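Worksheet: one structure, shown below.
The values are calculated or read from the model by the stated rules, or taken from the named source; none is laboratory data. What you see is a predicted model; the values in this text were computed from it and never measured. For neighbour counting, all protein chains shown are included, and Cβ atoms are generated from backbone atoms with ideal geometry for every residue, glycine included. Just the protein is used for accessible areas: all its heavy atoms, side chains included, with ligands, DNA and RNA removed. Shrake-Rupley method; radii C 1.70, N 1.55, O 1.52, S 1.80 Å.
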Amino acid sequence: MNHDRLIARLKTRVEDKVLLRLINKFLHAGINANGILLRSEKGVPQGGPLSPILANIVLDELDWELEHRGHKFARYADDCNIMVKSKAAGERVMKSIRRFLETTLRLRVNDQKSAVDRPTKRNFLGFTFSAHSQRIKVSDKSLSRLRDKVRVLTRRTRGHTFETIIAELTFYLLGWKAYFGLAEVLSPLRDVDKWIRRKLRCYLWKQWGQSGYRKLRRHGVSVELAWNTSKSAHGPWRLSNSPALTQALPRKYFKGIGLPELAGG
């Protein structure tokens, strides 16, 4: 983002010179890179409270240009999708809009994140579309990040109690579900729900240790199955999906302790 053009744009809307100087200082505050202060020549500070507003002030012109051309589009901050009817039209619009962004708005287009493709092969704000039903689904990248976060929260090396793990998972999953709740394709979320329950069974089985047999019996597992499972040579992850553990710690158990389901109501 070009600073001179941004300030010139702000001057057409803002008369308060003190505010303009403050924004100018914000833009030129610099970047701390490993203890070295680097001068900010362009762009807005990542994560800064003013950055989204300043970006929208500049990209508002892009919205008006796309509307003037009659395009259907969706934009959030600097992430924008433009819908056209064919690949040829997409390539033509891509070239034209790139020229507008670079010459008129003096912005740089990220080539690695820009492409002409079908909606089912593109991600927007963590979502994509099903190739078969054209319904909204959570992108694979978003699901991968979710799994990574769950792995961190369920590590036994963190030294937290199981109750604390459940509380942290509940907080995170409720927030995640609030954002991705408009997804229409639920089968991937059901798979993640099953995987999370298996991770928690694995966590508990490790925690039970030598008392595994007694714990299984207390959860209603038969003597024979509890004995065979507790003496099994298989590792915790494999046993977490065994008949004994799934019987002792079923879906109902986790719902009872308040664990949210991503695919649930």
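Numbers at a glance
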item: Length added when fully stretched, TRP195-ASN241, from 0.36 nm per residue minus Cα-Cα; result: 15.6 nm
item: Cα-based convex hull, the range 1-94, per residue volume (Å³, whole number); result: 125 Å³
item: Accessible heavy-atom area order of PHE129, PHE162, highest first, probe of 1.4 Å; result: PHE129, PHE162
item: Spacing of the two label points (7 Å from each Cα toward its C-beta) at ALA167 and TYR179, in nm; result: 2.3 nm
item: Karplus (6.51, -1.76, 1.60) ³J(HN,Hα), θ = phi - 60°, over the range 254-260, in Hz, Gly and Pro reported as x; result: 6, 5, x, 9, x, 6, x
item: Amide hydrogen neighbours beyond the local backbone of PHE127, cut-off 5 Å, H modeled; result: SER139
item: Proportion of all alpha-carbon pairs of the range 153-265 beyond 21 Å (%); result: 40 percent
item: Given (i) 6, 21, 21, 20, 16, 11, 6, 1, 0; (ii) 8, 32, 37, 18, 5, 1, 0; (iii) 7, 28, 33, 22, 8, 2, 0, 0, the label whose value is P(r) over Cα pairs in 10 Å bins from 0, in percent derived from this model; result: (i)
item: Solvent-accessible surface ranking, highest first, for ASP16, ASP79 at 1.4 angstrom; result: ASP16, ASP79
item: At most 11 other Cβ within 10 Å, DSSP loop - trypsin sites (Lys or Arg not before Pro), the range 230-259; result: LYS231
item: Derived scalar couplings ³J(HN,Hα) [the range 135-142; Karplus, 6.51 cos²θ - 1.76 cosθ + 1.60; whole Hz; x for Gly, Pro]; result: 8, 6, 9, 6, 5, 4, 5, 5
item: Rg followed by Dmax, in Å, when the range 214-253 is reduced to its Cα trace; result: 9.4, 28
item: Pairs of lysines in the range 108-168 (C-alpha under 17 Å apart; 8 or more residues apart or interchain); result: 5
item: By accessible area with a 1.4 Å probe, ligands and nucleic acids excluded, highest first: order of ARG118, ARG69, ARG5; result: ARG118, ARG69, ARG5
item: Sequence-distant residues sharing a close amide H with PHE73 (under 5 Å, placed H); result: MET83
item: Solvent-accessible heavy-atom area per residue, rounded to whole Å², over the chain at 1.4 Å; result: 65 Å²
item: From phi via Karplus (6.51, -1.76, 1.60), per-residue ³J(HN,Hα) for the range 204-221 in Hz, x at Gly/Pro; result: 5, 4, 5, 5, 5, x, 5, 8, x, 4, 5, 5, 4, 5, 5, 8, x, 7
item: Coordinate range along principal axes, alpha carbons of the range 10-157, Å, largest first; result: 56, 55, 24
item: Surface share of carbon and sulfur [accessible, 1.4 angstrom probe, percent] for the chain; result: 52 percent
item: Computed over the chain: relative contact order in percent, which uses C-alpha pairs under 8 Å that are six or more apart; result: 12 percent
item: Using a Förster distance of 30 Å, the FRET efficiency for ARG92-ASP140 (Cβ separation, nearest 0.05); result: 0.55
item: Amide N proximity, the range 1-20 versus ARG39 label position 7 Å along Cα-to-Cβ, cut-off under 17 Å; result: 2-5
item: Length released on extending from ASP63 to TYR76, taking residue separation times 0.36 nm less the Cα-Cα span; result: 3.6 nm
